Amino acid sequence: MPETGSKRVVRITISEQIKEQLMEDIFHHKYKPGDKMVESTLAKEFNVSQTSIREALRSLIAMGFLESEPFKGITVRKLSRQDLFEVYTVRGALESLAATLAADRITDDEISELENICEEMIKASEEGDIPKRIKLNINFHETLIRTSDNKLILKLYEYLQFGSWSMMTGTLSTMDPVMMAKRHQKVIDAIKSRDHERIDHAMREHIETGSKPVFESLDGDGPEE
C-alpha cells in the first residue's frame, strides 16, 4: 500500500519497476542492440502479466531505448553518445528553466522542504540505502519542477520521463553516494540567491556532472559529448 500524508505520493506500478529494471539491464549489456524483446518471454522471467510487460516496453520505446518495426518486432536500439547528449541537454535546459522560475516565487517553507529532502538523501546515503537515496533524488527534482508552477514544463518532464533518467543516473554513478546527495545543496543555495544566472549554471552543472557515468557506460562509438 502507498504511504499516505499531506505530501504527494508517488505510486510505483509493476510496469514502472519492470521498465527501470530493463533500463539497467540494457545499460549493463544484458540486452544488446538488436536483441528481440518478446512479451511472453519477459512475462515468464518477471512472473507478471504480458499487459505489465507491454506497458513497460511502450515506455521504453517512447524513451528511445527500444524500437518497434513491422515484421521485426521490438528490439533493443543502439544508443549513441549523441542520443544521450540530446537527452541530457534538454533535461538540463528544462530543469534550469524550472529552477529559475521557481526562484521567483518559492516560499521559505518550500525551500525548507527541498532542504529536508536533501538532508534525508544525505542520511540515506550514509546508511547505504541507495534505493531510498534514488527515490529522494527523483522527489527533489519533481518538487522543484512543481514549484516552478509551470504546467507545460511539468508535462514535458513527465512525458520525457526524466524521473526515470534520474534513476538511471543514480544507479550507474560511481561517485560517492554522500557526495552525490550533498550536490543538491548547491542548487538550493543558488535558488536562495534568486540570481538567475547562478541558478542556471548550478542546475546545468548538476545535470551534466550526473550524466557522465551514463555516457561512460556506452561503448566508445558515436559522437563525443
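Divide by every residue of the chain the summed helix terms, -39500 (n - 2.57) for each DSSP H run of at least 4, and state the resulting mean residue ellipticity at 222 nm, rounded to the nearest 500 deg cm²/dmol. Please list the in-between numbers first.
Numbers: 10 runs with 154 residues, N = 225.
Taken over the chain, the calculation gives -22500 deg cm²/dmol.
Less than 23 Å apart at the alpha-carbon level, and either on another chain or at least 8 residues along: which lysines does that give for residue 72? Output for residue 72: 19, 30, 32, 36, 44.
Relative to the longest principal axis of the Cα atoms of the chain, helix 81-103 runs at roughly 30 degrees.
Three principal axis extents of the stretch 74-119 based on alpha-carbon atoms, in descending order, are 47, 22, 18 Å. Averaging Cα coordinates gives a centre for the stretch 127-155 and one for the stretch 16-67; these two points are 24 Å apart. When you restrict to C-alpha pairs under 8 Å that are six or more residues apart and normalise by the size of the stretch 81-216, the relative contact order lands at 39 percent. Ordering 180, 175 from the fewest to the most neighbouring beta carbons within 10 Å gives 175, 180.
Every read-out reported here was derived from the displayed coordinates using simple, explicitly stated rules and does not represent laboratory data. Bear in mind the structure is a predicted one, so any value in this text is a computation, not a measurement. Here the Cβ is made from the backbone with ideal geometry for all residues, glycine too, and neighbour counts use every protein chain on show.
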